[in-house]
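Single-structure report; data block below.
All of the numbers you see were taken from the coordinates with simple rules; none came from a lab. Computed from a prediction, not measured in an experiment: that's the story for all the values here. All Cβ positions, glycine included, derive from the backbone under ideal geometry; neighbour counts span all protein chains shown.
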Amino acid sequence: MASWEPVIGLEIHVQLRTRTKMFCGCELSFGDPPNVHTCPVCLGLPGALPVANARAVHFALMIGLALGSEIAPRSLFHRKNYFYPDLPKGYQISQYDIPICRGGRLGDVRIHRVHLEEDAAKLVHVSSSGRIHGSQRSVVDFNRGGTPLVEIVTEPDIHSGEQAREWLTLLRGTLKALGVSDVDMSQGSLRCDANVSVRLPGASRLGVKTELKNMNSFRFLQDGIRAEIERQIGVLQSGGEVEPETLHFDPASGSISTLRSKEEAHDYRYFPEPDLVPLLVDEAMIAAARDELPELPAARAQRFESALGLSAERARELAFRSERADYFEAALSADGHGDGGVPAPSPVTLANWISLLVERIGADSDPAQSNVSPRALARLVAMVDAGEVSREAGRAVLGTLVERGGDPEEIVEREGLRRISADDAGLAELVAAAIAADPDAAAKVREGNERALGPLVGHVMREARGRADGGEVRRLLLDALR
Ligand SMILES: [Zn+2]
C-alpha cells in the first residue's frame, strides 16, 4: 500500500439555517408532519416563480469570506436537469459556471468553489406490512424540497481517511462558529461525499476517481475512504482498471457497492434558470457578511496555543469543536476558584482534563450537556493542581461527576479522597507498615537496589486508596530505608 498515493477531494452539502426555503416563503421544517411546508414554487407547479432568499445569500457570503474565497460580483443560477421522484420540477436550481465563491483555503486544504442550490425532497421507504399486499413502498415528503444548501467543493488535497476526518471536523467547527447551519451529520444538515483515486507517486496525472456518497458520520467517512483506497489498490495491483462509479459504503459490513455509473456535467444539460435574475453582490453585502464573522476555529486554536500555552495538537482538539472550546473557556472563567484557597487551574492542565472528560462521555458528546459543569471541572482540576487530591483520586472524582454530577469538594470529603500529605502521620504509618510487610524488598533497597522499591510503593499506594502521591511515597520510603 505504501507504494500508492491516495488523492481525495470532498464535496460537502450544508443545509443553511434560514427561516424560509431557498426560492419560496415556505418555512424550513424539522420533524413536522410530511408535506405541510409546500407551495406552488417548491412543488414545481407550472407558472410558479422562484425568488432567491437574501438570508441564504448572506450566509453563503459569510462562508466564502471565512474560507478566504473570491466573491463573484455577478453569479448565475442554472437548472440541473434530472428526473427523480424527490425532484418534482425535474430539475434542481443550482449554480454552474459562475458560482458565488471561488477558491480559498481552510487549514491545509484548498477550496475549489462554493455555490448555492436547493435541496431535494425526501424519499421515505416504508414497509407496509400487509397493507399493500405486504410489499414495500416509498413515499415522498416535500417539506425538505427547496431547503437552502451551500455546496463546498475542495481541491484534491487530502491523502488519507484520517486527514479527511480531521479536516471535516475543522470545517464543521467553522460552519458552527458562523452560525449558518446546524451541521448535524446524523440529521443530514451536513453531508459529505468523497472523490477517491490512487496513483503511483510521481505520476503526473490523477488516477480514475470514484465517488463515495453520503457518509453520515465522521467515522464512516474515515472508514469508507480507507476501504475504497484499499479496494482500488487491489483492483490495480491485480491488473484491473478502476471504473468511474458512484459508490455506497456500508459501515456495518465495511463493504462497498455500486450505486450507479458516475455521471458527468453534460449529462445534466445545465442551462441558465430563466426565472431568476443574475445574483449581484455589492460591497455593502460583503461588508455586512464580514461584520458578522466571529473568531473562527483556526484562529481560536492559534490563540489557545500562543496565549494559553497549549500544545498545537491539544489546541486543535478543543478549537476545532467549538462545543469543547466553549466549555474550556467557560471553565477557565468560572468564578469562585479562589474559595478555600484553591487557585485557578492552569489552562494546560484544564485542557488535559477536558480530554479525560471527553474520553468518558464519548467524542461526539457536548461536555456542556454532561453532568459535569465547567465550574465543577475547574474546581476539581484546581484541587489536583494544588495537590489537595492526587491525580488518581481526581480521576475517581471525575468518574463520580460524570455519573451523578455534584460538587467535587463534597465528593472528595464524602469519599475520603483528600490527599495524605508527606508530613501526615498517617502516611508515615503506611510507609512503616509496607517496610514491615516486605522485609526482603526493604533489605534490597538498603543494599542499593532501587528497583526493589516498586512493590513497597505499590503497597503504600494500595493502602492509601489513591490518596497519596507516588513521587512522595517513593521519597518517604527512601528516607526511611537509608
Ligand atoms: Zn414553498
- In whole Hz, with x marking every Gly and Pro, tabulate ³J(HN,Hα) for the range 264-269 from phi via Karplus 6.51 cos²θ - 1.76 cosθ + 1.60, θ = phi - 60°. 10, 3, 5, 5, 8, 6
- Amide H contacts under 5 Å for CYS101, placed H, 5+ residues apart: ALA72, VAL114
- Query: What FRET efficiency do you get for CYS39 and ASN371 if R0 is 41 Å and r is their Cβ-Cβ distance, rounded to the nearest 0.05?
  - Reply: 0.35
- Nearest-ten-degree value, helix 161-178 long axis tilted from longest Cα axis of the chain: 80 degrees
- Report ³J(HN,Hα) in whole Hz for each residue of the range 430-444, in order, from the Karplus equation J = 6.51 cos²θ - 1.76 cosθ + 1.60 where θ = phi - 60°; Gly and Pro get x. 4, 5, 4, 5, 5, 5, 5, 6, 9, x, 4, 4, 4, 4, 4
- Query: What is the order of SER253, SER421, fewest Cβ neighbours within 10 Å to most?
  - Reply: SER253, SER421
- Estimated FRET transfer efficiency when R0 is 51 angstrom, pair TYR82-ALA312 (beta carbons, to 0.05): 0.70
- The relative contact order of the range 315-406, taking Cα pairs under 8 Å that sit 6 or more residues apart, comes to a percentage of 32 percent
- Using Cα atoms only, what is the angle between the long axis of helix 54-66 and the major principal axis of the chain, expressed in degrees (0 to 90) to the nearest 10? 50 degrees
- Item | THR349-SER204 FRET efficiency (beta carbon distance; Förster radius 45 Å; 0.05 resolution) | 0.35
- To two decimal places, what compactness ratio does the range 202-264 give when its Cα radius of gyration is scaled by 2.2 N^0.38 Å? 1.14
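Given the Cα atoms of the range 1-137, and with Rh set as the inverse mean 1/r over their pairs in the Kirkwood sense, what is Rg to Rh to two decimals?
Here the Rg-to-Rh quotient is 1.07.
Taking the Cβ of each residue in ARG172, ARG260, ARG191 as the centre, tally the other Cβ atoms inside 10 Å and list the residues starting with the fewest.
ARG260, ARG191, ARG172
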- Task: Note down the nm distance, to one decimal, between modelled labels 7 Å out along Cα→Cβ at GLU323 and at GLU359.
- Result: 2.0 nm
- Message: Can you tell me which aspartates and glutamates have their Cα less than 17 Å from the Cα of LYS176? Leave out same-chain residues fewer than eight positions away.
- Response: GLU151, GLU166, ASP184, ASP291, GLU292, GLU295, GLU317, GLU323, ASP326, GLU329, ASP364, ASP366
- Expressed as a whole-number percentage, the relative contact order of the chain with C-alpha contacts under 8 angstrom and at least six residues apart is 13 percent
- Antiparallel as a % of all DSSP beta bridges within the chain, to the nearest 5? 95 percent
- Item | Set of lysines near LYS213 by C-alpha distance (under 22 Å), chain-local residues within fewer than 8 positions excluded | LYS80, LYS122, LYS262
- Counting residues in the range 177-298 as N, plug N into 2.2 N^0.38 Å and put the Cα Rg over that result. 1.44
- Pairing the Cα long axis of helix 297-308 with the longest principal axis of the chain, what angle in degrees results, from 0 to 90 and rounded to the nearest 10? 20 degrees
- Query: Can you sort ASP119, ASP250 so the residue with the fewest Cβ neighbours within 10 Å comes first?
  - Reply: ASP250, ASP119
- The Rg/Rh figure for the range 91-213, Cα atoms and Kirkwood Rh, to two decimals is 1.06
